[in-house]
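Notes follow the structure.
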Amino acid sequence: MKNFNDRVAAITGAGSGMGRALAIRLAREGCHLALADRNATGLTETAQLAQAAAAPHIGAPLRITTCTLDVADRAAMYEWATDTARQHGRVNLVFNNAGVALSSTIDGMDYSDLEWIVGINFWGVVHGTKAFLPLLKSAGEGHIVNTSSVFGLFAQPGMSGYNATKFAVRGFTEALRQELDLMKCGVSATCVHPGGIRTAIAQSSRIAPNMVGFMIENEQQGKDDFEKFFITTADEAARVILDGVRRNKRRVLIGRDARAADWLARTLPAAYQALVVLQTRRLKRLAQKRARRGTAVEGRRA
C-alpha cells in the first residue's frame, strides 16, 4: 500500500505514544481513522489532534471515530471491528499497537500479572488480527501491522512475561505474513520491533516487589532507569512504521538500539545471554551506588 489517502485505518493504543503519532501522521495523509484505547481522555485528545492535522487538500472532512475498550476483551474487539466497518464502509489498515510492560522474576511472578500482560500484548494482537482480517480481505486491499518489540528479538532477565508476549507476536505475525502471501488476497502483514520509544509505557508498567533488591533498588528507580533507554520519539517511530508499510516490509526495526539488538541476536544467538547478564550486573551496581548516595544526602539533610 503506497498511498494512505482516503483509506481507513484502525489503531489500538491510540490514546498516547506510537498510536497517537500514527493517527496524526495518517491524518496528514488523508486517512480516515477508527481509534481505540482504554483511556477515554487520551483517546479524545488524539482524535482532536488528528482532526487538526488532517490534510487540507483531501476534500471531504476526515472521518474519525473512537471506541473505549480493552483489547484483551475478545467480544469488545469484534464489536469494534463491526462498528468500524459500518461507520466507515470499509477497513484497509489495522495497527495492533496497544501494549503494557511487566517486570518480575519468574519464580515470584503472580499468575494474575502474567494473565494480564498476555491478555493485552498477545491476545489483543490476535483479537485485532482475526476480527479485522475478513474486513481487509473484503476491501480487496489491506495491511496488518502488529507491534512486537526489541524484546521479541532477544530476552532479558526480569522481563520474562513481556518477552514471552513479544516473541509470540513475532511468531504469530511472521506466520500470518506467509499465509497471506500464499493466499494472494491483497492483504499483507508487518511485524514491528521498536527499541526504546519515548512513551508512557515505563511509568505505567507493573514492577513486582521481587525485583527490588534483585535488579533494582526501588520501583521508581527501576521505571526511571528503564525510561533512560527511550531514545526514539513516537513520531519518528510512526514515520518508520508507515514507510515499512509502503515498502511492504516483513519486519520493521525502530531505533539504533533495535538494530543493535537484532545484530547481536543473529550474531550470538545463544552467547548474547551471558553478555546481557554482565551488563545487568553492571547496571545493578550503578543503581546501588546511586541509592547509597541518595541515602547519604538525605541523612545530611536530616
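Each label point is 7 Å from the Cα along the Cα-to-Cβ direction; what then is the distance between the points at residue 236 and residue 70, in nm?
3.5 nm
Add +1 for every Lys or Arg and -1 for every Asp or Glu among the other residues with Cβ under 10 Å from the Cβ of residue 72, and state the total.
Values: positive: 38, 74; negative: 70, 73, 115.
Net charge in that neighbourhood comes out at -1.
State the number of lysine pairs found in segment 8-267 whose Cα atoms come within less than 22 Å, restricting to pairs 8 or more positions apart or on distinct chains.
Lysine pairs satisfying the spacing and distance rule in segment 8-267 number 9.
About its Cα centre, how strong a charge dipole does segment 8-267 have in debye, to the nearest 20, once Lys and Arg get +1 and Asp and Glu get -1 at the Cβ?
The calculation lands at about 1120 debye.
Could you work out the local net charge near residue 5, counting Lys and Arg as +1, Asp and Glu as -1, over the other residues with Cβ closer than 15 Å to its Cβ? Spell out each step's value before the answer.
Numbers: positive: 2, 7, 25, 28, 63, 90, 246; negative: 6, 29, 141.
Result for the local shell: +4.
Any chance you could run the full-extension gain for residue 285 through residue 256? It's 0.36 nm times the residue separation minus the Cα-Cα distance, nm to one decimal. List each step's numbers first, then the result.
Numbers: separation 29, 0.36 × 29 = 10.44 nm, distance 2.54 nm.
That works out to 7.9 nm of additional length.
What full-extension length gain, to one decimal in nm, is calculated for residue 83 and residue 178 as 0.36 nm per residue of separation minus the Cα-Cα distance?
Details: separation 95, 0.36 × 95 = 34.20 nm, distance 2.86 nm.
Full-extension gain reported as 31.3 nm.
Grab the beta carbon distance between residue 3 and residue 266, set R0 = 35 Å, and tell me the FRET efficiency rounded to 0.05. Intermediate results must be reported in sequence, preceding the final value.
Details: r = 33 Å, r/R0 = 0.95.
E(calc), rounded to 0.05, equals 0.55.
So for the pair residue 246, residue 115, with labels modelled 7 Å out along Cα→Cβ, what separation do we get in nm?
Each label point is offset 7 Å from its Cα along the Cβ direction, giving 4.5 nm.
Going 7 Å from the Cα of residue 185 toward and past its Cβ, which residues in segment 131-155 have a backbone nitrogen under 15 Å from where you end up?
131-145
Bear in mind these aren't lab numbers, they're just calculated from the coordinates by the rules spelled out. In this text, all values refer to a predicted model and were calculated from it rather than measured experimentally. Heads up, the Cβs are rebuilt from the backbone with ideal geometry, glycines too, and the neighbour counts pull from every protein chain shown.
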